[in-house]
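Trainee: Got a structure for you, questions after.
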Amino acid sequence: MTYFGDPALWLPLTFAALMGLSILIYVVLDGFDLGVGVLFPFAEPAEKDRMVASIGPFWDANETWLVLAIGILLVAFPAAHGAILTALYLPVAIMLIGLILRGVAFEFRAKAPPARKGLWNLSFYAGSMMTALSQGYMLGMYIMGLEQRPATWAFAALTAVFLTVGYSFIGAAWLILKTEGALQRKAVGWAKGGIWGLILGLGAVSLASPLVSPRIFDKWFAMPEALFLAPLPIISAALVALLWIALRRLPARDDSFAWFPFAVSIALFALAFCGMAYSFYPYVVPEKLTIYEAASAPESLFIILIGTLFVLPMILGYTALSYRVFRGKATALSYE
């Protein structure tokens, strides 16, 4: 345990990095299939089948990253797990109900008789909305320090809307990549509308964190830190501009650059996440508990780390394998 220095320092930092990586991968991967569900009401019945087919091989594996992130929070930072889940009990319960509803609707709609298919389509949309809105609400409450007062509730509600729109944008970007024809053209239109919500959401989160905490304000705007951090918003603005230019030229006749909106979406989410991680470090519960105060005993963390070194490559492996096997355009939905 002492090979890398003081285990009371490097082990909590390692698990914080693993938890952050798991959350980021979950937001990107499950974000696009949640976004596809949010876009469901704007599609024709045949298009809905193709939309579900585009996420069919991936959605279940995508949610594994959420389980991993919550598992790390529970075993590595039990004090933080208790504080966060206590403050966010209701939105967590709504999120779980939404995930269950999505899973059931996903399976049942494929074999439901035509008269009942609409009900399962509605359930899939409702489950997607419940999950996306609850995650956005939890993000807003976390940024505001988990305080229960009207101002934080209002900001959390605003963040819930913006994150849902952000998910719809990355979902549209995924459909641009995985579909063709009329549905792909519709997805380009959805992405053009969703990009503004994505920009407002990223801006709201970026501006709120420094305003809520003087400590975070100093980390971003004190010199020379402000100079070193300036590339983050500049790169983000450049990516948004390139994304808008690309959307105006899509879909291309030879389907070139269909991957570009999805790739840029991943980059934007990653930059926003890195900015948040920098803002809140070393706190795992904003302004209350650091990762070092909330961490389990170093002996326990070391044992958990050994298990993680076996589990994490397996999750990465089958995730990568599924995306490789089912690469290319989505085919017609069939459970035969």
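Trainee: Of the numbered conditions (1) in a helix (DSSP H, G or I); (2) farther than 22 Å from Arg50 by Cα; (3) open to solvent by less than 50 Å² (accessible area, probe 1.4 Å), Gly145 satisfies every one except a single condition; which is it?
Mentor: (1)
Trainee: Select, from Ile216, Ile235, the only residue that is closer than 25 Å to Ser279 by Cβ, in a helix (DSSP H, G or I) and in contact with a Ser or Thr (Cβ under 6 Å, 6 or more places away or on another chain).
Mentor: Only one candidate qualifies: Ile216.
Trainee: Oh, and also: Taking the condition of being aliphatic (A, V, I, L, M) and either in contact with a Lys or Arg (Cβ under 8 Å, 6 or more places away or on another chain) or modelled with pLDDT under 85 (or both), how many residues in segment 216-249 meet it?
Mentor: The qualifying residues number 9.
Trainee: Here's a follow-up. Looking at Ala258, Ala295 in this structure, which one is of a type outside the set (S, T, N, Q) and open to solvent by less than 20 Å² (accessible area, probe 1.4 Å)?
Mentor: None of the others qualify; the one that does is Ala258.
Trainee: So the check is Cβ under 6 Å with 6+ separation or different chains; which pairs have a first residue in segment 305-317 that's part of a helix (DSSP H, G or I) and a second one that's at pLDDT below 90 and open to solvent by 30 Å² or more (accessible area, probe 1.4 Å)?
Mentor: Ile315/Thr64
Trainee: Cβ contacts < 8 Å: first residue at pLDDT 90 or above, restricted to segment 124-147; second residue among the small types (Gly, Ala, Ser) and open to solvent by 40 Å² or more (accessible area, probe 1.4 Å), any location; separation 6+ or different chain. Result?
Mentor: The qualifying pairs are Tyr137/Ala157.
Trainee: Then there is this: Do we find that Ile97 is part of a helix (DSSP H, G or I) and either acidic (Asp, Glu) or more than 20 Å from Phe273 (Cβ to Cβ) (or both) in this structure?
Mentor: Yes, satisfied.
Trainee: What residue, among those in segment 84-116 that are in contact (Cβ under 8 Å) with a residue 12 or more places away in the chain and open to solvent by 40 Å² or more (accessible area, probe 1.4 Å), is farthest from Leu34 (Cα to Cα)?
Mentor: Lys111
Trainee: Further question: For the condition among the aliphatic types (A, V, I, L, M), over 25 Å from Ala238 (Cβ atoms) and in contact with a strand residue (DSSP E or B) (Cβ under 7 Å, 6 or more places away or on another chain), what is the one hit in Leu289, Leu316, Leu301?
Mentor: Just one listed residue meets the conditions, Leu289.
Trainee: Looking at segment 272-288, is at least one residue in contact with a Leu (Cβ under 6 Å, 6 or more places away or on another chain), open to solvent by 20 Å² or more (accessible area, probe 1.4 Å) and closer than 30 Å to Leu73 by Cβ?
Mentor: Within segment 272-288, one or more residues are in contact with a Leu (Cβ under 6 Å, 6 or more places away or on another chain), open to solvent by 20 Å² or more (accessible area, probe 1.4 Å) and closer than 30 Å to Leu73 by Cβ.
Trainee: Can we say Lys192 is open to solvent by less than 60 Å² (accessible area, probe 1.4 Å), of a type in the set (Lys, Arg) and modelled with pLDDT under 90?
Mentor: Spelling it out, it is not the case that Lys192 is open to solvent by less than 60 Å² (accessible area, probe 1.4 Å), of a type in the set (Lys, Arg) and modelled with pLDDT under 90.
Trainee: Now, a different point. Return the residues of segment 11-67 that are among the acidic types (Asp, Glu), under 19 Å from Ala110 (Cα atoms) and assigned to a loop (DSSP other than H, G, I, E, B); say none if nothing qualifies.
Mentor: Glu44 - this is the single residue of segment 11-67 that is among the acidic types (Asp, Glu), under 19 Å from Ala110 (Cα atoms) and assigned to a loop (DSSP other than H, G, I, E, B).
Trainee: Can you tell which of Ile216, Ile235, Ile176 is surrounded by 15 or more Cβ atoms within 10 Å (Cβ to Cβ), among the β-branched types (Val, Ile, Thr) and under 22 Å from the mean Cα position of the chain (by Cα)?
Mentor: Within the list Ile216, Ile235, Ile176, the selection yields Ile176.
The values are calculated or read from the model by the stated rules, or taken from the named source; none is laboratory data. Treat the numbers as computed from the prediction; the structure is a model and nothing was measured. Cβ coordinates were reconstructed from backbone atoms using ideal geometry, including for glycine residues, and neighbour counts include every protein chain displayed. These area figures cover heavy atoms from the full protein model, side chains too; ligands, DNA and RNA do not enter into them. Shrake-Rupley method; radii C 1.70, N 1.55, O 1.52, S 1.80 Å.
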